[in-house]
Amino acid sequence: MTESRGAAVQKGIVFNIQKFSIHDGPGIRTTVFLKGCPLRCKWCANPESQSAKVQILYDASKCVHCHTCIRTCPRHAVREINNHIDIDDEKCGGCLACTKACPGRALSHEGEMRSVQEVVDICMQDVDFYEESGGGVTISGGEGMSQPEFLKQLLPALKQKGIHLAIETTGAVSETIFHELAPMFDLLLFDVKHYDPDKHRAGTGVRNEQSLANLKWAIQSGIPVLPRIPVIPGFNDSLRDAQGLAKLIVSAGSKEVQLLPFHQMGEKKYDFLNRSYSLKGQKALHPEDLTAYRQVFLDAGLHCFF
């Protein structure tokens, strides 16, 4: 690697850079999605974000079953099972030989290495929109803090351009990483999924003590934080859940909370990744479905909105 101001120039693994985002912080924004997440939320809308590696996606509707991908893979990570192409993530090295060779374009990939300068250049293409709307750049994922060394170079580079920086985070990172990165942002969009540690683990694979400790530290440190609750059927959508979450938000020191009704925009991705999806076919929620749920937060003195 080349050297820059005494530090190795970092690259991050990015799976999407979405322009003209209006739901990831104030104004018009560019959202940079980083791969890697310690959680395994059963409802995750971006399952391709969980692994920190490049991943191969398979669209069965386009497959002609020529087995070119199987013959091409240098690591023998591709095989056919029950007339379905299967990619062994443990063996896959992310060389993309199979995606390039596929004649039916049934194989694609998620994730590619991007340098700090590449990401900055893309984000700066829309600086006029940021200035006019009060927008900026939002780091997302996966877990937005999953690639701390990359962020330690990317964030100052964007800040030097006068860009407003936000992050979507679960806070499920070590205290050391969180305390170093959180103050570098102008806004933390902080997902709060459940108040009960055991129920949190049942839905996400991890307990919530670390996340809640980081949430409280950020608020007490004066960092702008917007707690956001993804409302998930069968997980945290009861009025009792709302009461527990409202109490948690108030005790953390926040005066507001955003509700994110469950949606199914990521359902198809599970098929492409050859993974089962436990909420398949579950009806999406809408603000009108959560009137009583929202009222619990309002009664607790919180500014609660969608």
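Do we have residue 122 as among the aliphatic types (A, V, I, L, M) and either within 21 Å of residue 270 (Cα to Cα) or touching an Asp or Glu at 6+ places or on another chain (Cβ under 6 Å) (or both) here?
No, not satisfied.
Of these, 93, 25, which one is within 30 Å of residue 201 (Cβ to Cβ), part of a loop (DSSP other than H, G, I, E, B) and either outside the structural domain of residue 204 (by TED's automatic domain parsing) or not hydrophobic (A, V, I, L, M, F, W, C) (or both)?
After applying the criteria, what remains is 25.
Which residues, counting only those in segment 278-300, are closer than 20 Å to residue 245 by Cα, under 26 Å from the mean Cα position of the chain (by Cα) and aliphatic (A, V, I, L, M)?
285, 290
Might you let me know whether segment 258-267 holds any residue that is within 16 Å of residue 304 (Cβ to Cβ), out of contact with any helix residue (DSSP H, G or I) (no Cβ under 7 Å at 6 or more places or on another chain) and in the same structural domain as residue 169 (by TED's automatic domain parsing)?
yes
Condition check ((1) touching a residue at least 24 places away in the same chain (Cβ under 8 Å); (2) of a type in the set (Lys, Arg); (3) on the phi < 0 side of the Ramachandran plot) across all residues:
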residue: 20; (1), (2), (3): yes, no, no
residue: 24; (1), (2), (3): yes, no, yes
residue: 35; (1), (2), (3): yes, yes, yes
residue: 42; (1), (2), (3): yes, yes, yes
residue: 53; (1), (2), (3): yes, yes, yes
residue: 57; (1), (2), (3): yes, no, yes
residue: 63; (1), (2), (3): yes, no, yes
residue: 73; (1), (2), (3): yes, no, yes
residue: 83; (1), (2), (3): no, no, no
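In the list 106, 77, 60, 52, which residue meets the criterion of being under 25 Å from residue 277 (Cα atoms), hydrophobic (A, V, I, L, M, F, W, C), out of contact with any Leu (no Cβ under 8 Å at 6 or more places or on another chain) and surrounded by fewer than 15 Cβ atoms within 10 Å (Cβ to Cβ)?
So the residue among 106, 77, 60, 52 that is under 25 Å from residue 277 (Cα atoms), hydrophobic (A, V, I, L, M, F, W, C), out of contact with any Leu (no Cβ under 8 Å at 6 or more places or on another chain) and surrounded by fewer than 15 Cβ atoms within 10 Å (Cβ to Cβ) is 60.
Looking at segment 163-179 only, could you name the residues that are among the acidic types (Asp, Glu) and either crowded, with 22+ Cβ neighbours inside 10 Å or outside any helix (DSSP H, G or I) (or both)?
168
In segment 42-60, which residues are of a type in the set (Phe, Trp, Tyr) and closer than 26 Å to residue 199 by Cβ?
Across segment 42-60, the qualifying residue is only 43.
Surrounded by fewer than 19 Cβ atoms within 10 Å (Cβ to Cβ) and under 12 Å from residue 192 (Cα atoms): which single residue out of 298, 260 fits that description?
260
The values are calculated or read from the model by the stated rules, or taken from the named source; none is laboratory data. Please read these numbers as outputs of a predicted model, since none were measured by experiment. Every residue, glycine as well, gets a Cβ built from its backbone with ideal geometry; the counts of neighbours run over all protein chains shown.
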